[in-house]
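The values are calculated or read from the model by the stated rules, or taken from the named source; none is laboratory data. Since the model is a prediction, treat every value here as computed from it, not as a measurement. When we count neighbours, we look across all protein chains shown, and the Cβ atoms used for this are built from the backbone with ideal geometry, even at glycine.
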Amino acid sequence: MASRIVSIVVRDFPAVGLAVILLAGTSSGQVSREKLRAELLTMRDRDQSARNACPTGNTDEQIKCYVKISEEIDKPHSKRLNEIVNTYGVPDAKLVGKDGLEAYYLLLQHSNDPKLKEKSLKGMEVAFKAKQLSPADYANFTDRLLVNLGKLQVYGANFDLKDGKMVMSPTKDIKNLDKRRKSIGLPPIAEYMKMLEEVYKIPAVMTESK
């Protein structure tokens, strides 16, 4: 049986596309740490540019690209995010602006540091309830954290590259998955999977074939 190699969610896709659309148009407003906001936006741009450069259509090449990004970009970014949290606490919109907050959670989503994610979970829930983060940000972050902790994801946001396909990570109560997705403003899982396929040019499936 193939083991999980790379986990992906829609906000990870190589073409900046949706990520830029979601992040565009936000302004800093009145923030207390403008330099920190600018740093987070620069880190976000580097993150997205690297993923934008990854090839599509060839699973092996995509995996190699994401592994390289994990080492060269995600790891140092995780170190810096830890420094930020240790200095300022988990950022919020008042500290770094709405776009800075979105950038923080995008970078955090790509981190392989579960402790950092756990420390940020409460802040993420508060930001989502305050409509400072989108349903996609909330679902992606929550599901990736659960997957990293070896638990069942809730919204079906996380998929694994396996044997030339994108396979949904283990998910709780799949029968009611679309109800949970709808409850926070997400499209049906079939629509999400179609989006993944259009972006990665790889088939997306809900369960691994035996």
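Limited to region 161-195, what total is found for residues that are at pLDDT below 90, surrounded by fewer than 20 Cβ atoms within 10 Å (Cβ to Cβ) and either under 18 Å from the mean Cα position of the chain (by Cα) or outside any loop (DSSP other than H, G, I, E, B) (or both)?
Step one: of region 161-195, the residues at pLDDT below 90 are 161-165.
The next check asks that each one be surrounded by fewer than 20 Cβ atoms within 10 Å (Cβ to Cβ); those that pass are 162-165.
Keeping just the survivors that are either under 18 Å from the mean Cα position of the chain (by Cα) or outside any loop (DSSP other than H, G, I, E, B) (or both) gives 162, 165.
Summing the residues that are at pLDDT below 90, surrounded by fewer than 20 Cβ atoms within 10 Å (Cβ to Cβ) and either under 18 Å from the mean Cα position of the chain (by Cα) or outside any loop (DSSP other than H, G, I, E, B) (or both) in region 161-195 gives 2.
Return the pair list, or none, for Cβ contacts closer than 6 Å from residues in region 52-77 that are closer than 14 Å to LYS201 by Cβ to residues that are in a loop (DSSP other than H, G, I, E, B) and modelled with pLDDT of 90 or more, at least 6 apart or on different chains.
Within 6 Å, no pair qualifies.
In the set LYS122, LYS131, LYS151, which member is part of a helix (DSSP H, G or I) and more than 16 Å from the chain's Cα centre (by Cα)? Step through it out loud before you land on a result.
Numbers: LYS131 fails: part of a helix (DSSP H, G or I); LYS151 fails: part of a helix (DSSP H, G or I).
Residue meeting the stated conditions: LYS122.
Give the residue that is surrounded by the fewest Cβ atoms within 10 Å (Cβ to Cβ), with candidates limited to residues of region 102-118 that are more than 13 Å from the chain's Cα centre (by Cα) and not acidic (Asp, Glu).
That would be LYS115.
Could you tell me whether region 93-108 includes any residue that is among the charged types (D, E, K, R), over 18 Å from ASP143 (Cβ atoms), free of Cβ contacts under 8 Å to residues at least 24 places away in the same chain and in a helix (DSSP H, G or I)? Walk me through how you get there before you give the answer.
Step one: of region 93-108, the residues among the charged types (D, E, K, R) are 94, 98-99, 102.
From what's left, over 18 Å from ASP143 (Cβ atoms): 94, 98-99.
Now narrow it down to the ones that are free of Cβ contacts under 8 Å to residues at least 24 places away in the same chain: none.
No, because not a single residue in region 93-108 is among the charged types (D, E, K, R), over 18 Å from ASP143 (Cβ atoms), free of Cβ contacts under 8 Å to residues at least 24 places away in the same chain and in a helix (DSSP H, G or I).
Could you check region 146-188 and list, in sequence order, the residues that are of a type outside the set (S, T, N, Q), closer than 19 Å to HIS110 by Cβ and in contact (Cβ under 8 Å) with a residue 60 or more places away in the chain?
VAL147, ALA157, PHE159, ASP160, LEU161, MET166
Residue-wise test of (1) aromatic (Phe, Trp, Tyr); (2) at pLDDT 95 or above; (3) out of contact with any helix residue (DSSP H, G or I) (no Cβ under 9 Å at 6 or more places or on another chain); (4) surrounded by 15 or more Cβ atoms within 10 Å (Cβ to Cβ).
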| position | (1), (2), (3), (4) |
| --- | --- |
| SER3 | no, no, yes, no |
| PHE13 | yes, no, no, yes |
| LEU22 | no, no, no, yes |
| LYS35 | no, yes, yes, no |
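Can you tell me how many residues within region 189-205 are in contact with a strand residue (DSSP E or B) (Cβ under 6 Å, 6 or more places away or on another chain) and free of Cβ contacts under 8 Å to residues at least 40 places away in the same chain? Steps first, answer last, please.
First, pick out the residues of region 189-205 that are in contact with a strand residue (DSSP E or B) (Cβ under 6 Å, 6 or more places away or on another chain): 193, 196-197, 202-205.
If we keep only those that are free of Cβ contacts under 8 Å to residues at least 40 places away in the same chain as well, we get 193, 197, 203.
So the answer is 3.
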